[in-house]
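Have a look at this one.
The values are calculated or read from the model by the stated rules, or taken from the named source; none is laboratory data. Quick caveat, the model's predicted, so the values are computed rather than measured. A quick note on method: Cβ atoms are made from the backbone with ideal geometry, for glycine too, and the neighbour counts reach across all protein chains shown. Surface accessibility is based on the protein's heavy atoms, side chains included, excluding ligands, DNA and RNA. Shrake-Rupley method; radii C 1.70, N 1.55, O 1.52, S 1.80 Å.
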Amino acid sequence: MTAELILFLVLALVAVGAALGLLFSRNAVYAALFLVLNFITVAVFYLLLNAPFLAMAQVTIYAGAIMVLFLFVIMLLGARKLKTSGENLWQRRLAIGLGVVLLGELVVLFFAKGWRGTLIGDIGSKFGSPEHIGIELFNQYLLPFEITSILLLVGIIGAIVLTKDN
Amino acid sequence: MDMILVLEWVIKSILLILFGITGFAYTTYYERRALARIQTRIGPNRAGPAGLLQPVADGIKLIFNEELIPAKADKVLFVLAPIITVLPALIIWAVVPWGTSITISGREIPLYLADINVGALYIMAVASIAVYGIVIAGWSSNSKYPLLGSLRSTAQIISYELSLGLAFVGPIMLSNSMSMVSIVEKQQETAWFIVLQPLGFVIFFLAILAEINRAPFDMPEAEQELVGGYHTEYSGMKFALFFMAEYIKMIAVSAIAATLFLGGYSGPWVESIPWLGPIYLLLKIFILLFVFIWIRGTLPRFRYDRLMAFGWKIMLPAALINVFLTAVVIMFLP
(Lines give C-alpha, C1' and ligand atoms only; values in the text may rest on other atoms or scores of the structure.)
Protein backbone atom coordinates (compact mmCIF):
# COMPACT_ATOMS: atom_id res chain seq x y z
CA MET A 1 0.00 0.00 0.00
CA THR A 2 2.99 2.30 -0.24
CA ALA A 3 1.96 3.61 -3.65
CA GLU A 4 -1.40 4.58 -2.21
CA LEU A 5 0.25 6.28 0.73
CA ILE A 6 2.56 8.32 -1.50
CA LEU A 7 -0.40 9.30 -3.66
CA PHE A 8 -2.34 10.31 -0.56
CA LEU A 9 0.50 12.44 0.77
CA VAL A 10 1.02 14.23 -2.54
CA LEU A 11 -2.69 14.87 -2.89
CA ALA A 12 -2.95 16.05 0.69
CA LEU A 13 -0.13 18.49 0.03
CA VAL A 14 -1.90 19.82 -3.06
CA ALA A 15 -5.24 20.05 -1.27
CA VAL A 16 -3.82 21.93 1.71
CA GLY A 17 -1.74 24.12 -0.58
CA ALA A 18 -4.80 24.99 -2.64
CA ALA A 19 -6.81 25.74 0.48
CA LEU A 20 -4.06 28.04 1.77
CA GLY A 21 -3.87 29.68 -1.63
CA LEU A 22 -7.60 30.27 -1.50
CA LEU A 23 -7.30 31.93 1.89
CA PHE A 24 -4.27 34.07 1.22
CA SER A 25 -4.65 35.20 -2.38
CA ARG A 26 -5.66 38.83 -2.63
CA ASN A 27 -7.27 38.36 -6.03
CA ALA A 28 -10.79 36.93 -6.01
CA VAL A 29 -10.30 35.13 -9.34
CA TYR A 30 -7.19 33.37 -8.06
CA ALA A 31 -9.02 32.44 -4.87
CA ALA A 32 -11.85 30.91 -6.88
CA LEU A 33 -9.41 28.96 -9.06
CA PHE A 34 -7.59 27.65 -5.98
CA LEU A 35 -10.95 26.45 -4.68
CA VAL A 36 -11.53 24.62 -7.99
CA LEU A 37 -8.14 22.94 -7.62
CA ASN A 38 -9.08 21.97 -4.08
CA PHE A 39 -12.38 20.44 -5.24
CA ILE A 40 -10.66 18.41 -7.93
CA THR A 41 -8.07 17.13 -5.45
CA VAL A 42 -10.84 16.10 -3.07
CA ALA A 43 -12.47 14.27 -6.01
CA VAL A 44 -9.25 12.30 -6.46
CA PHE A 45 -9.40 11.42 -2.75
CA TYR A 46 -12.84 9.94 -3.38
CA LEU A 47 -11.33 7.89 -6.21
CA LEU A 48 -8.71 6.57 -3.81
CA LEU A 49 -11.52 5.63 -1.42
CA ASN A 50 -13.20 3.52 -4.14
CA ALA A 51 -16.07 5.92 -4.69
CA PRO A 52 -15.79 6.92 -8.35
CA PHE A 53 -19.40 8.06 -8.54
CA LEU A 54 -18.89 10.57 -5.74
CA ALA A 55 -15.65 11.72 -7.36
CA MET A 56 -17.31 12.41 -10.69
CA ALA A 57 -20.29 14.09 -9.02
CA GLN A 58 -17.88 16.27 -7.05
CA VAL A 59 -16.09 17.37 -10.22
CA THR A 60 -19.25 17.89 -12.27
CA ILE A 61 -21.27 19.73 -9.65
CA TYR A 62 -18.78 21.64 -7.52
CA ALA A 63 -15.87 22.23 -9.86
CA GLY A 64 -17.85 22.23 -13.08
CA ALA A 65 -21.11 23.99 -12.29
CA ILE A 66 -21.03 25.94 -9.05
CA MET A 67 -17.54 27.39 -9.30
CA VAL A 68 -18.10 28.50 -12.90
CA LEU A 69 -21.01 30.59 -11.68
CA PHE A 70 -18.83 31.99 -8.88
CA LEU A 71 -16.20 32.95 -11.43
CA PHE A 72 -18.89 34.52 -13.59
CA VAL A 73 -20.03 36.75 -10.78
CA ILE A 74 -16.49 37.69 -9.78
CA MET A 75 -15.58 38.54 -13.35
CA LEU A 76 -18.73 40.53 -14.02
CA LEU A 77 -18.47 42.53 -10.82
CA GLY A 78 -14.81 43.19 -11.54
CA ALA A 79 -12.16 41.41 -9.57
CA ARG A 80 -10.62 44.23 -7.65
CA LYS A 81 -7.71 43.36 -5.46
CA LEU A 82 -8.69 43.25 -1.83
CA LYS A 83 -7.05 45.72 0.48
CA THR A 84 -5.86 44.65 3.90
CA SER A 85 -8.37 46.84 5.62
CA GLY A 86 -9.03 47.07 9.32
CA GLU A 87 -12.79 46.75 8.99
CA ASN A 88 -14.63 43.64 10.07
CA LEU A 89 -11.91 42.93 12.58
CA TRP A 90 -14.39 41.30 14.97
CA GLN A 91 -15.25 38.77 12.27
CA ARG A 92 -11.63 37.82 11.92
CA ARG A 93 -11.26 37.41 15.68
CA LEU A 94 -14.41 35.30 15.87
CA ALA A 95 -13.17 33.13 12.96
CA ILE A 96 -9.82 32.56 14.65
CA GLY A 97 -11.56 31.65 17.89
CA LEU A 98 -13.88 29.17 16.21
CA GLY A 99 -10.96 27.74 14.24
CA VAL A 100 -9.05 27.09 17.43
CA VAL A 101 -12.11 25.36 18.91
CA LEU A 102 -12.38 23.12 15.83
CA LEU A 103 -8.70 22.29 15.97
CA GLY A 104 -9.04 21.44 19.64
CA GLU A 105 -11.93 19.12 18.89
CA LEU A 106 -9.91 17.35 16.21
CA VAL A 107 -6.93 16.93 18.53
CA VAL A 108 -9.15 15.51 21.27
CA LEU A 109 -10.80 13.13 18.80
CA PHE A 110 -7.46 11.96 17.47
CA PHE A 111 -5.77 11.39 20.79
CA ALA A 112 -8.73 10.26 22.83
CA LYS A 113 -9.98 7.78 20.24
CA GLY A 114 -6.60 6.84 18.87
CA TRP A 115 -5.45 7.28 15.27
CA ARG A 116 -7.58 4.48 13.89
CA GLY A 117 -10.82 5.31 15.61
CA THR A 118 -13.64 2.87 15.07
CA LEU A 119 -15.99 5.58 13.88
CA ILE A 120 -17.05 3.74 10.73
CA GLY A 121 -17.29 0.04 10.31
CA ASP A 122 -16.49 -1.83 7.15
CA ILE A 123 -18.29 -0.31 4.21
CA GLY A 124 -19.14 -2.81 1.53
CA SER A 125 -17.53 -2.73 -1.88
CA LYS A 126 -20.85 -1.50 -3.26
CA PHE A 127 -20.66 1.69 -1.19
CA GLY A 128 -20.77 4.78 -3.35
CA SER A 129 -21.71 2.94 -6.53
CA PRO A 130 -24.39 4.61 -8.66
CA GLU A 131 -26.93 1.81 -8.00
CA HIS A 132 -26.36 1.93 -4.27
CA ILE A 133 -26.67 5.72 -4.07
CA GLY A 134 -29.78 5.68 -6.24
CA ILE A 135 -31.51 3.04 -4.14
CA GLU A 136 -30.58 4.74 -0.87
CA LEU A 137 -31.61 8.15 -2.17
CA PHE A 138 -35.02 7.07 -3.40
CA ASN A 139 -35.87 4.77 -0.49
CA GLN A 140 -34.30 5.74 2.77
CA TYR A 141 -33.63 9.40 2.04
CA LEU A 142 -36.59 10.20 -0.18
CA LEU A 143 -37.96 12.98 2.03
CA PRO A 144 -34.69 14.95 2.36
CA PHE A 145 -34.21 14.48 -1.39
CA GLU A 146 -37.64 15.90 -2.17
CA ILE A 147 -37.18 18.78 0.25
CA THR A 148 -33.86 19.61 -1.39
CA SER A 149 -35.44 19.63 -4.83
CA ILE A 150 -38.25 21.90 -3.64
CA LEU A 151 -35.65 24.25 -2.14
CA LEU A 152 -33.84 24.37 -5.46
CA LEU A 153 -37.10 24.97 -7.30
CA VAL A 154 -37.93 27.83 -4.95
CA GLY A 155 -34.48 29.25 -5.61
CA ILE A 156 -35.01 29.11 -9.37
CA ILE A 157 -38.44 30.75 -9.14
CA GLY A 158 -37.05 33.39 -6.81
CA ALA A 159 -34.27 34.24 -9.25
CA ILE A 160 -36.78 34.58 -12.09
CA VAL A 161 -39.13 36.76 -10.04
CA LEU A 162 -36.31 39.00 -8.85
CA THR A 163 -34.85 39.60 -12.29
CA LYS A 164 -38.18 40.17 -14.00
CA ASP A 165 -39.11 43.83 -14.33
CA ASN A 166 -42.77 44.55 -13.93
CA MET B 1 0.36 -4.21 -10.18
CA ASP B 2 3.10 -5.37 -12.50
CA MET B 3 5.40 -3.10 -14.44
CA ILE B 4 4.24 -4.44 -17.80
CA LEU B 5 0.68 -3.29 -17.07
CA VAL B 6 1.92 0.20 -16.24
CA LEU B 7 3.99 0.17 -19.41
CA GLU B 8 0.92 -0.92 -21.38
CA TRP B 9 -1.08 2.00 -19.99
CA VAL B 10 1.70 4.45 -20.72
CA ILE B 11 2.01 3.23 -24.32
CA LYS B 12 -1.75 3.40 -24.82
CA SER B 13 -1.91 6.92 -23.39
CA ILE B 14 0.91 8.10 -25.62
CA LEU B 15 -0.77 6.55 -28.66
CA LEU B 16 -4.05 8.28 -27.78
CA ILE B 17 -2.38 11.65 -27.35
CA LEU B 18 -0.47 11.23 -30.60
CA PHE B 19 -3.70 10.26 -32.29
CA GLY B 20 -5.36 13.37 -30.89
CA ILE B 21 -2.60 15.66 -32.12
CA THR B 22 -2.24 14.20 -35.63
CA GLY B 23 -6.01 13.91 -35.78
CA PHE B 24 -6.21 17.63 -35.02
CA ALA B 25 -3.77 18.49 -37.80
CA TYR B 26 -5.53 16.41 -40.39
CA THR B 27 -9.02 17.41 -39.29
CA THR B 28 -8.14 21.00 -40.14
CA TYR B 29 -7.00 19.78 -43.56
CA TYR B 30 -10.15 17.64 -43.95
CA GLU B 31 -12.33 20.55 -42.96
CA ARG B 32 -10.65 22.99 -45.33
CA ARG B 33 -10.83 20.59 -48.25
CA ALA B 34 -14.45 19.55 -47.61
CA LEU B 35 -15.55 23.12 -46.99
CA ALA B 36 -13.86 24.21 -50.20
CA ARG B 37 -15.75 21.52 -52.12
CA ILE B 38 -19.05 22.70 -50.63
CA GLN B 39 -18.24 26.26 -51.68
CA THR B 40 -17.02 25.15 -55.15
CA ARG B 41 -13.40 25.99 -54.41
CA ILE B 42 -10.43 23.67 -54.42
CA GLY B 43 -8.89 24.28 -51.02
CA PRO B 44 -5.26 23.84 -49.97
CA ASN B 45 -3.55 21.64 -52.58
CA ARG B 46 -0.04 23.09 -52.95
CA ALA B 47 2.01 21.79 -50.04
CA GLY B 48 2.87 18.17 -50.82
CA PRO B 49 0.72 15.73 -52.78
CA ALA B 50 -2.91 16.96 -52.77
CA GLY B 51 -1.94 19.49 -50.10
CA LEU B 52 -1.32 16.77 -47.51
CA LEU B 53 1.62 18.67 -46.00
CA GLN B 54 -0.49 21.78 -45.43
CA PRO B 55 -1.04 21.09 -41.68
CA VAL B 56 2.73 20.72 -41.25
CA ALA B 57 3.31 24.04 -42.98
CA ASP B 58 0.66 25.68 -40.79
CA GLY B 59 2.28 24.24 -37.68
CA ILE B 60 5.73 25.58 -38.65
CA LYS B 61 4.21 28.97 -39.40
CA LEU B 62 2.53 29.09 -35.99
CA ILE B 63 5.73 28.13 -34.18
CA PHE B 64 7.57 31.05 -35.77
CA ASN B 65 4.76 33.52 -35.13
CA GLU B 66 5.48 36.22 -32.60
CA GLU B 67 4.16 35.37 -29.15
CA LEU B 68 2.38 38.41 -27.84
CA ILE B 69 1.26 38.87 -24.25
CA PRO B 70 -0.81 42.02 -23.72
CA ALA B 71 0.88 44.43 -21.33
CA LYS B 72 -1.99 44.53 -18.85
CA ALA B 73 -2.84 40.84 -19.04
CA ASP B 74 -2.61 38.57 -16.02
CA LYS B 75 0.56 36.81 -17.20
CA VAL B 76 0.29 33.57 -15.22
CA LEU B 77 -3.31 32.83 -16.12
CA PHE B 78 -2.82 34.08 -19.67
CA VAL B 79 -0.17 31.41 -20.24
CA LEU B 80 -2.06 28.77 -18.28
CA ALA B 81 -5.40 29.17 -20.08
CA PRO B 82 -4.46 27.42 -23.36
CA ILE B 83 -2.99 24.50 -21.42
CA ILE B 84 -6.11 24.18 -19.27
CA THR B 85 -8.14 24.15 -22.46
CA VAL B 86 -6.16 21.37 -24.15
CA LEU B 87 -5.94 19.00 -21.16
CA PRO B 88 -9.65 18.04 -20.93
CA ALA B 89 -9.76 17.49 -24.68
CA LEU B 90 -6.98 14.91 -24.32
CA ILE B 91 -8.01 13.15 -21.10
CA ILE B 92 -11.59 12.64 -22.23
CA TRP B 93 -10.26 9.94 -24.58
CA ALA B 94 -9.46 7.64 -21.66
CA VAL B 95 -12.89 6.01 -21.53
CA VAL B 96 -13.60 5.65 -25.25
CA PRO B 97 -13.38 1.96 -26.18
CA TRP B 98 -11.65 1.21 -29.49
CA GLY B 99 -12.40 -2.49 -29.63
CA THR B 100 -12.55 -5.63 -27.53
CA SER B 101 -9.03 -6.91 -27.07
CA ILE B 102 -6.12 -8.07 -29.16
CA THR B 103 -3.34 -10.51 -28.42
CA ILE B 104 0.23 -9.38 -28.95
CA SER B 105 2.91 -12.03 -28.23
CA GLY B 106 0.72 -13.99 -25.85
CA ARG B 107 -0.52 -11.00 -23.90
CA GLU B 108 -4.16 -9.98 -24.14
CA ILE B 109 -4.43 -6.22 -24.49
CA PRO B 110 -7.82 -4.56 -24.20
CA LEU B 111 -8.31 -1.81 -26.77
CA TYR B 112 -9.33 0.82 -24.26
CA LEU B 113 -7.45 2.72 -21.61
CA ALA B 114 -9.98 2.42 -18.81
CA ASP B 115 -13.30 0.66 -18.45
CA ILE B 116 -14.56 2.47 -15.38
CA ASN B 117 -18.10 1.86 -14.21
CA VAL B 118 -18.89 5.58 -14.33
CA GLY B 119 -17.51 6.22 -17.82
CA ALA B 120 -20.43 8.38 -18.93
CA LEU B 121 -20.14 10.50 -15.80
CA TYR B 122 -16.40 10.82 -16.37
CA ILE B 123 -17.13 12.35 -19.76
CA MET B 124 -19.59 14.79 -18.23
CA ALA B 125 -17.10 15.72 -15.51
CA VAL B 126 -14.30 16.37 -17.98
CA ALA B 127 -16.65 18.31 -20.25
CA SER B 128 -17.70 20.52 -17.36
CA ILE B 129 -14.06 21.24 -16.50
CA ALA B 130 -13.32 22.25 -20.09
CA VAL B 131 -15.13 25.55 -19.53
CA TYR B 132 -12.36 26.90 -17.31
CA GLY B 133 -9.87 27.40 -20.11
CA ILE B 134 -12.32 29.67 -21.88
CA VAL B 135 -13.26 31.61 -18.74
CA ILE B 136 -9.64 32.13 -17.74
CA ALA B 137 -8.54 33.08 -21.26
CA GLY B 138 -11.25 35.72 -21.51
CA TRP B 139 -10.58 37.20 -18.11
CA SER B 140 -6.79 37.13 -18.12
CA SER B 141 -6.56 38.94 -21.48
CA ASN B 142 -7.81 42.04 -19.65
CA SER B 143 -9.60 43.26 -22.73
CA LYS B 144 -13.29 43.76 -23.26
CA TYR B 145 -13.89 41.67 -26.38
CA PRO B 146 -12.29 38.48 -25.07
CA LEU B 147 -14.13 38.92 -21.76
CA LEU B 148 -17.50 39.29 -23.46
CA GLY B 149 -16.67 36.47 -25.84
CA SER B 150 -15.70 34.16 -23.01
CA LEU B 151 -18.83 35.01 -21.02
CA ARG B 152 -20.97 34.19 -24.02
CA SER B 153 -19.21 30.91 -24.74
CA THR B 154 -19.33 29.88 -21.11
CA ALA B 155 -23.03 30.65 -20.77
CA GLN B 156 -23.64 28.70 -23.95
CA ILE B 157 -21.61 25.69 -22.81
CA ILE B 158 -23.23 25.56 -19.39
CA SER B 159 -26.73 25.84 -20.86
CA TYR B 160 -26.23 23.06 -23.37
CA GLU B 161 -24.44 20.86 -20.87
CA LEU B 162 -27.80 20.14 -19.23
CA SER B 163 -29.31 18.76 -22.42
CA LEU B 164 -26.09 16.88 -23.11
CA GLY B 165 -26.22 15.20 -19.72
CA LEU B 166 -29.86 14.26 -20.20
CA ALA B 167 -29.10 12.84 -23.65
CA PHE B 168 -26.57 10.53 -21.96
CA VAL B 169 -29.33 9.13 -19.77
CA GLY B 170 -31.09 7.33 -22.66
CA PRO B 171 -28.20 4.99 -23.57
CA ILE B 172 -27.38 4.56 -19.87
CA MET B 173 -30.92 3.43 -19.09
CA LEU B 174 -31.10 1.15 -22.11
CA SER B 175 -27.83 -0.59 -21.33
CA ASN B 176 -28.26 -0.48 -17.56
CA SER B 177 -24.69 0.70 -17.12
CA MET B 178 -22.54 3.80 -17.20
CA SER B 179 -19.53 2.00 -18.57
CA MET B 180 -18.84 2.86 -22.19
CA VAL B 181 -17.75 -0.71 -22.92
CA SER B 182 -21.05 -2.14 -21.65
CA ILE B 183 -22.97 0.44 -23.66
CA VAL B 184 -21.28 -0.75 -26.84
CA GLU B 185 -21.78 -4.42 -25.92
CA LYS B 186 -25.47 -3.80 -25.30
CA GLN B 187 -25.76 -2.23 -28.73
CA GLN B 188 -24.23 -5.35 -30.27
CA GLU B 189 -26.96 -7.41 -28.60
CA THR B 190 -29.93 -5.21 -29.46
CA ALA B 191 -29.68 -2.45 -32.04
CA TRP B 192 -27.69 0.73 -32.35
CA PHE B 193 -29.13 3.23 -29.92
CA ILE B 194 -29.75 5.72 -32.71
CA VAL B 195 -32.64 3.41 -33.68
CA LEU B 196 -33.99 3.14 -30.14
CA GLN B 197 -33.19 6.75 -29.20
CA PRO B 198 -33.66 8.91 -32.30
CA LEU B 199 -34.69 11.99 -30.32
CA GLY B 200 -31.85 11.37 -27.88
CA PHE B 201 -29.35 11.29 -30.72
CA VAL B 202 -30.64 14.55 -32.22
CA ILE B 203 -30.47 16.28 -28.83
CA PHE B 204 -27.01 14.86 -28.20
CA PHE B 205 -25.75 16.01 -31.56
CA LEU B 206 -27.12 19.54 -31.23
CA ALA B 207 -25.79 19.80 -27.69
CA ILE B 208 -22.28 18.76 -28.69
CA LEU B 209 -22.32 21.25 -31.55
CA ALA B 210 -22.87 23.95 -28.94
CA GLU B 211 -20.46 22.36 -26.44
CA ILE B 212 -17.54 22.51 -28.84
CA ASN B 213 -18.55 25.88 -30.30
CA ARG B 214 -19.12 24.60 -33.80
CA ALA B 215 -21.31 26.22 -36.44
CA PRO B 216 -24.17 27.13 -36.28
CA PHE B 217 -23.41 27.83 -32.60
CA ASP B 218 -19.88 29.16 -33.16
CA MET B 219 -20.19 32.27 -31.03
CA PRO B 220 -16.43 32.55 -30.34
CA GLU B 221 -15.83 33.00 -34.04
CA ALA B 222 -18.45 35.68 -34.58
CA GLU B 223 -15.90 38.15 -35.94
CA GLN B 224 -18.57 40.62 -36.98
CA GLU B 225 -19.74 41.02 -33.40
CA LEU B 226 -16.83 40.44 -31.10
CA VAL B 227 -13.65 40.67 -33.22
CA GLY B 228 -12.81 37.11 -32.30
CA GLY B 229 -13.98 35.76 -28.98
CA TYR B 230 -12.18 34.51 -25.91
CA HIS B 231 -8.95 33.92 -27.90
CA THR B 232 -8.73 37.36 -29.55
CA GLU B 233 -5.53 38.37 -27.73
CA TYR B 234 -3.72 35.11 -28.34
CA SER B 235 -1.13 34.50 -31.03
CA GLY B 236 1.43 31.93 -32.09
CA MET B 237 1.50 28.55 -30.34
CA LYS B 238 -0.89 29.69 -27.61
CA PHE B 239 -3.51 30.37 -30.23
CA ALA B 240 -2.63 27.05 -31.84
CA LEU B 241 -3.35 25.32 -28.54
CA PHE B 242 -6.88 26.75 -28.47
CA PHE B 243 -7.33 25.69 -32.04
CA MET B 244 -5.97 22.26 -31.20
CA ALA B 245 -8.31 21.86 -28.23
CA GLU B 246 -11.25 22.76 -30.40
CA TYR B 247 -10.44 20.18 -33.05
CA ILE B 248 -9.44 17.42 -30.65
CA LYS B 249 -12.74 18.00 -28.85
CA MET B 250 -14.49 17.76 -32.19
CA ILE B 251 -12.91 14.34 -32.82
CA ALA B 252 -13.54 13.26 -29.24
CA VAL B 253 -17.23 14.11 -29.27
CA SER B 254 -17.56 12.33 -32.61
CA ALA B 255 -16.05 9.26 -31.01
CA ILE B 256 -18.35 9.57 -27.99
CA ALA B 257 -21.43 10.06 -30.18
CA ALA B 258 -20.42 7.01 -32.21
CA THR B 259 -19.92 5.00 -29.02
CA LEU B 260 -23.20 6.01 -27.42
CA PHE B 261 -25.47 5.90 -30.43
CA LEU B 262 -23.78 4.32 -33.45
CA GLY B 263 -22.52 1.09 -31.96
CA GLY B 264 -19.00 2.30 -31.22
CA TYR B 265 -16.42 -0.15 -32.50
CA SER B 266 -19.00 -2.78 -33.46
CA GLY B 267 -19.58 -3.79 -37.04
CA PRO B 268 -19.57 -6.92 -39.17
CA TRP B 269 -16.95 -9.58 -38.25
CA VAL B 270 -15.56 -7.52 -35.40
CA GLU B 271 -15.94 -10.50 -33.03
CA SER B 272 -13.60 -12.69 -35.05
CA ILE B 273 -11.17 -9.99 -36.19
CA PRO B 274 -10.72 -7.54 -33.30
CA TRP B 275 -8.43 -5.33 -35.38
CA LEU B 276 -11.53 -4.17 -37.26
CA GLY B 277 -12.83 -2.40 -34.13
CA PRO B 278 -10.61 0.70 -34.34
CA ILE B 279 -11.20 0.86 -38.10
CA TYR B 280 -14.98 0.88 -37.66
CA LEU B 281 -14.77 3.54 -34.96
CA LEU B 282 -12.49 5.67 -37.14
CA LEU B 283 -14.91 5.32 -40.03
CA LYS B 284 -17.80 6.48 -37.85
CA ILE B 285 -15.74 9.39 -36.52
CA PHE B 286 -14.90 10.31 -40.10
CA ILE B 287 -18.58 10.35 -41.10
CA LEU B 288 -19.60 12.41 -38.06
CA LEU B 289 -16.79 14.88 -38.72
CA PHE B 290 -18.11 15.26 -42.23
CA VAL B 291 -21.55 16.09 -40.82
CA PHE B 292 -19.95 18.78 -38.64
CA ILE B 293 -18.21 20.28 -41.66
CA TRP B 294 -21.31 19.95 -43.79
CA ILE B 295 -23.38 21.85 -41.22
CA ARG B 296 -20.73 24.53 -41.04
CA GLY B 297 -20.77 24.86 -44.80
CA THR B 298 -24.54 25.16 -45.11
CA LEU B 299 -26.08 26.81 -42.04
CA PRO B 300 -25.81 30.45 -40.95
CA ARG B 301 -24.85 31.32 -37.38
CA PHE B 302 -27.55 31.58 -34.70
CA ARG B 303 -28.16 34.90 -33.04
CA TYR B 304 -27.00 34.73 -29.44
CA ASP B 305 -30.34 35.28 -27.69
CA ARG B 306 -32.02 32.73 -29.95
CA LEU B 307 -29.26 30.28 -29.19
CA MET B 308 -29.92 30.58 -25.46
CA ALA B 309 -33.70 30.47 -25.93
CA PHE B 310 -33.34 27.36 -28.09
CA GLY B 311 -31.15 25.70 -25.47
CA TRP B 312 -33.44 26.36 -22.55
CA LYS B 313 -36.90 26.35 -24.10
CA ILE B 314 -36.64 23.59 -26.70
CA MET B 315 -33.61 21.40 -26.05
CA LEU B 316 -34.02 21.00 -22.29
CA PRO B 317 -37.76 20.14 -22.32
CA ALA B 318 -37.23 17.80 -25.27
CA ALA B 319 -34.39 16.06 -23.44
CA LEU B 320 -36.53 15.71 -20.30
CA ILE B 321 -39.42 14.25 -22.31
CA ASN B 322 -36.99 11.84 -23.94
CA VAL B 323 -35.75 10.63 -20.56
CA PHE B 324 -39.30 10.29 -19.28
CA LEU B 325 -40.52 8.36 -22.33
CA THR B 326 -37.51 6.06 -22.27
CA ALA B 327 -38.09 5.29 -18.60
CA VAL B 328 -41.78 4.57 -19.17
CA VAL B 329 -41.07 2.30 -22.12
CA ILE B 330 -38.40 0.38 -20.19
CA MET B 331 -40.79 -0.05 -17.26
CA PHE B 332 -43.68 -1.39 -19.30
CA LEU B 333 -41.91 -3.28 -22.08
CA PRO B 334 -39.59 -5.81 -20.48
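So, R0 is 25 Å and r is the distance between the beta-carbons of A:V16 and A:L94; what FRET efficiency does that work out to, to 0.05?
Once the sixth-power term is evaluated, E becomes 0.60.
Given a 1.4 angstrom probe, what's the average accessible area per residue across the protein assembly as shown, in square angstrom?
56 Å²
Just the accessible area for B:E211, please: 1.4 Å probe, Å², rounded to the nearest 10?
20 Å²
If you take the beta carbon distance between B:S13 and B:V79 as r and set R0 to 30 Å, what does 1/(1 + (r/R0)^6) give as a FRET efficiency, to the nearest 0.05?
0.80
Show me the GluC sites (Glu not before Pro) within region B:45-116 that DSSP assigns to loop and that have at most 16 other Cβ atoms within 10 Å of their Cβ.
B:E66, B:E67
Working with all protein chains in place, sort B:I279, B:I285 by solvent-accessible area computed with a 1.4 Å probe, largest first.
Details: B:I279 100, B:I285 5 Å².
Of B:I279, B:I285, the descending order of accessible area is B:I279, B:I285.
What list of ³J(HN,Hα) couplings, whole Hz, do you get for region B:99-110 from phi and the Karplus terms 6.51, -1.76, 1.60, once you set θ to phi - 60° and write x for glycine and proline?
x, 7, 7, 10, 10, 10, 6, x, 10, 7, 10, x
Then there is this: Quick one: which residues, 5+ away or cross-chain, put their amide H under 5 Å from the amide H of B:S235? H built at 1.01 Å from N.
Residues meeting the criterion, in which the H sits 1.01 Å from N, are B:L68.
At the nearest 100 Å², what buried accessible area, both sides summed, do you get for A and B when the probe is 1.4 Å?
So the total buried area for this chain pair works out to about 1900 Å².
Another one. Taking the Cα centre of the protein assembly as shown as the origin and placing charges on Cβ (Lys, Arg +1; Asp, Glu -1), which of B:F286, B:T190, B:T154 is farthest toward the positive end of the dipole?
Value computed over the given set: B:T154.
Something else: Per residue and in Å³, how big is the convex hull formed by the alpha-carbon atoms of region B:68-332?
Convex hull volume per residue, Cα atoms: 131 Å³.
Considering only protein heavy atoms and a probe of 1.4 Å, how much of the accessible area of the protein assembly as shown is carbon and sulfur, as a whole percent?
For the protein assembly as shown, the apolar C and S fraction of the accessible surface comes to 73 percent.
Tell me which trypsin sites (Lys or Arg not before Pro) from region B:37-141 have a DSSP coil assignment and no more than 11 other beta carbons within 10 Å of their own. Kindly include the intermediate steps, with their values, before the conclusion.
Details: sites: B:R37, B:R41, B:R46, B:K61, B:K72, B:K75, B:R107; in loops: B:R41, B:R46, B:K72.
Here the trypsin sites (Lys or Arg not before Pro) that fit, given the DSSP loop and packing criteria, are B:R41, B:R46, B:K72.
For the full complex of protein chains and a 1.4 angstrom probe, list B:T40, B:T103 by accessible area with the highest value first.
B:T40, B:T103
Now for a separate question. Go through region A:16-30 residue by residue and turn each phi into a ³J(HN,Hα) via Karplus (6.51, -1.76, 1.60, θ = phi - 60°); whole Hz please, and just put x for glycine and proline.
These are the phi-based 3J(HN,Hα) values: 5, x, 5, 5, 5, x, 4, 6, 9, 6, 8, 9, 4, 5, 4 Hz.
Once amide H atoms are placed 1.01 Å from N in the peptide plane, what residues at a sequence separation of 5 or more from B:I102, or on another chain, have their amide H within under 5 Å of its amide H?
Under 5 Å from the amide H of B:I102: B:I109, B:L111.
Whose amide H sits under 5 Å from the amide H of B:G48, counting only residues 5 or more places off or on another chain, with H placed in the peptide plane?
B:L53
Residue-wise, which Karplus ³J(HN,Hα) couplings in Hz belong to region A:32-40, taking 6.51 cos²θ - 1.76 cosθ + 1.60, θ = phi - 60°, and x for glycine or proline?
Once θ is set to phi - 60°, the couplings for region A:32-40 become 5, 5, 4, 5, 4, 4, 4, 4, 5 Hz.
Keeping all protein chains in place and using 1.4 angstrom, which order do B:Y132, B:Y112 fall into by accessible surface area, from largest down?
Reading off the accessible areas and sorting them downward yields B:Y112, B:Y132.
Report, as an integer, the average count of C-beta atoms from other chains found within 10 Å of each Cβ along A:58-65.
That works out to 5 on average.
Just to verify a number: what accessible area does B:T100 come out at with the full protein assembly present, 1.4 Å probe, Å² rounded to tens?
We get 60 Å² for B:T100.
Past the 23 Å Cα-Cα mark, which pairs from B:K186/B:K284; B:K249/B:K284; A:K164/B:K313; B:K61/B:K238; B:K75/B:K238?
As for pairs spanning more than 23 Å Cα to Cα, there are none.
So, one more: Could you tell me whether region B:90-161 comes out rounded, prolate or oblate from its Cα gyration tensor? Rule is a ≥ b ≥ c as square roots of the eigenvalues, rounded for a/c under 1.5, then prolate if a/b exceeds b/c, otherwise oblate.
Note, shape of region B:90-161 comes out prolate.
For the protein assembly as shown, would you read off the P(r) tail past 46 Å as a percentage of all alpha carbon pairs?
Roughly 15 percent, rounded to a whole number.
Assuming R0 = 30 Å, what is the FRET efficiency of B:W269 and B:R107, from their Cβ-Cβ distance, to the nearest 0.05?
E between B:W269 and B:R107, to the nearest 0.05, is 0.80.
How large is the accessible surface of A:R92 in square angstrom, using a 1.4 angstrom probe and rounding to the nearest 10?
Rounded to the nearest 10, the figure is 130 Å².
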